[in-house]
Amino acid sequence: MKTCALILALAGLLRADLTPILAEPNLEKRAEALLAHADKLLKSSRKAYDGGDQEALAAQVAEAKQAVALSLESLEGTGKDPRRKSKYFKRAEIRTRALIREVTRFSEAMNYADRPALEPLEKELRRVNDELVRGIMGVRRKE
């Protein structure tokens, strides 16, 4: 029960931290900014873990997961074909792949019992990366 209350309280705070990024009118730049924000959060979550602050770790991982999902939504919101206009899609794919490597390194450095804290972020990163690759390399849409 205490954990649910904490998660609900943090959900409101997470949206507040992303508000300036979500105000960016250019969806492609917004996607890049969201991935950069996720990268910063991953680095600060590593510091929180080293300091023994599990609550901060959970909050930062949740916010990073949300930022990654919103990044994909922003790119899809452009309405551009990833095969033809692939610049920002490819940048996002490269960035998510690098974030997956960072999460894997961080997870390997953690105590085995603490690793499940990073699983939601890693799953979301892999899902987004797969979607980006499918969009870039997939079959062309007929118009």
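The values are calculated or read from the model by the stated rules, or taken from the named source; none is laboratory data. Here the structure is a predicted model, which is why all the values come from computation and not from measurement. Reconstructed Cβ throughout: ideal geometry from the backbone, glycine too, with neighbour counts over all protein chains shown.
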Reported set for the stretch 116-143 where residues are exposed (fewer than 14 other Cβ atoms within 10 Å of the Cβ), in a helix (DSSP H, G or I) and more than 14 Å from the chain's Cα centre (by Cα) is Pro116, Arg134, Met137
Residue list for the stretch 22-54, restricted to those being surrounded by 13 or more Cβ atoms within 10 Å (Cβ to Cβ) and over 25 Å from Ala117 (Cα atoms):
Leu22, Glu24, Leu27, Glu28, Lys29, Arg30
Can you tell me which residue within the stretch 74-110, out of those that are of a type in the set (S, T, N, Q) and not in a helix (DSSP H, G or I), is farthest from Leu18 (Cα to Cα)?
Ser86
Show the residue pairs meeting these rules: Cβ distance below 7 Å; 6+ apart or different chains; first residue within the stretch 24-44 and touching a residue at least 40 places away in the same chain (Cβ under 8 Å); second residue surrounded by 14 or more Cβ atoms within 10 Å (Cβ to Cβ) and not in a helix (DSSP H, G or I).
Leu27/Thr78; Glu28/Thr78; Arg30/Glu24
Answer yes if at least one residue in the stretch 58-67 is part of a helix (DSSP H, G or I), closer than 20 Å to Asn129 by Cα, more than 12 Å from the chain's Cα centre (by Cα) and not small (Gly, Ala, Ser), and no otherwise.
no
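Residues checked against (1) among the charged types (D, E, K, R); (2) in contact with an Asp or Glu (Cβ under 9 Å, 6 or more places away or on another chain); (3) closer than 30 Å to Asp50 by Cβ; (4) free of Cβ contacts under 8 Å to residues at least 12 places away in the same chain:
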{"site": "Leu70", "(1), (2), (3), (4)": "no, no, yes, no"}
{"site": "Thr78", "(1), (2), (3), (4)": "no, yes, no, no"}
{"site": "Arg84", "(1), (2), (3), (4)": "yes, no, no, yes"}
{"site": "Thr96", "(1), (2), (3), (4)": "no, no, yes, no"}
{"site": "Ile100", "(1), (2), (3), (4)": "no, yes, yes, no"}
{"site": "Glu108", "(1), (2), (3), (4)": "yes, no, yes, yes"}
{"site": "Arg126", "(1), (2), (3), (4)": "yes, no, yes, no"}
{"site": "Arg134", "(1), (2), (3), (4)": "yes, no, no, yes"}
Name, by its number, the condition in (1) in a helix (DSSP H, G or I); (2) at pLDDT below 95 that does not hold for Leu35.
(2)
